[in-house]
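Below is one structure, written out as structure tokens; the observations come after it.
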């Protein structure tokens, strides 16, 4: 998910830095992704996770089972950042995907407890990886954004609005991130059954211009 989002955001003119456990690996991935950009668009750069998290906005696009290591790496450098969690706590068994309970209520709330000075927002949880990675196609979905800091939520809504076909929608407090994270296994089930990449789009919703 992070790869597609990085390319899409860079195409809008934003400076994007890829973080990795190894700086050289991050730089190599950034160079690979930059090949999808047009002349004049800012190149994507790459470094280690701690250095990348010094940015004013940090997007966590990692699997749930690697969350611990990633949080440990960025806890200090992202302490004053807006942290956007795309992480969904998923488990899989013979019946398919299901939400894994998180003691804090949600992954986003867990991050907020661990890095209390950061402004944590939950977003992009319901956008499928194949949709984000099809970088030449519009997203054509609503991006649901939950958070307790109104300014941070507005920043992430505006970020989502930059993506072709996407619309950022503020849905409420950070505690609602548990709902956003739990929607993902539902969407996986729908997409598997109907062989598509369906997402969330609210009907009859008109958002006033700022």
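Side notes on the structure shown:
- Residue count for segment 92-123, restricted to those that are closer than 15 Å to residue 188 by Cβ and either exposed (fewer than 12 other Cβ atoms within 10 Å of the Cβ) or in contact (Cβ under 8 Å) with a residue 40 or more places away in the chain (or both): 8.
- Here the condition is being touching a strand residue (DSSP E or B) at 6+ places or on another chain (Cβ under 8 Å) and under 28 Å from residue 33 (Cα atoms); of 127, 139, it holds for 127 alone.
- For segment 142-152, the set of residues classified as within 26 Å of residue 72 (Cα to Cα) and touching a helix residue (DSSP H, G or I) at 6+ places or on another chain (Cβ under 9 Å) consists of 145, 146, 147, 148, 149, listed by residue number.
- Criterion: part of a helix (DSSP H, G or I) and in contact (Cβ under 8 Å) with a residue 60 or more places away in the chain - qualifying residue of 155, 151: 155
- Among the residues of segment 124-138, the ones that are surrounded by 19 or more Cβ atoms within 10 Å (Cβ to Cβ) and either at positive phi or without any contact (Cβ under 8 Å) to a residue 40 or more places away in the chain (or both) come to 1 in all.
- If you check 102, 139, 120 for being assigned to a loop (DSSP other than H, G, I, E, B), under 25 Å from residue 201 (Cα atoms) and touching a helix residue (DSSP H, G or I) at 6+ places or on another chain (Cβ under 7 Å), only one passes: 139.
- Within segment 70-81, no residue that is on the phi > 0 side of the Ramachandran plot and assigned to a loop (DSSP other than H, G, I, E, B) sits with its Cβ atom under 9 Å from a residue that is exposed (fewer than 15 other Cβ atoms within 10 Å of the Cβ) and at pLDDT 95 or above at 6+ positions apart or across chains.
- Filter pass, residue 173 being over 19 Å from residue 2 (Cβ atoms), in contact with a strand residue (DSSP E or B) (Cβ under 7 Å, 6 or more places away or on another chain) and touching a residue at least 24 places away in the same chain (Cβ under 8 Å): yes
The values are calculated or read from the model by the stated rules, or taken from the named source; none is laboratory data. Keep in mind that what you see is a predicted model, and the values were worked out from it rather than measured. In this analysis, Cβ positions are derived from the backbone assuming ideal geometry, glycine residues included, and neighbour counts consider all displayed protein chains.
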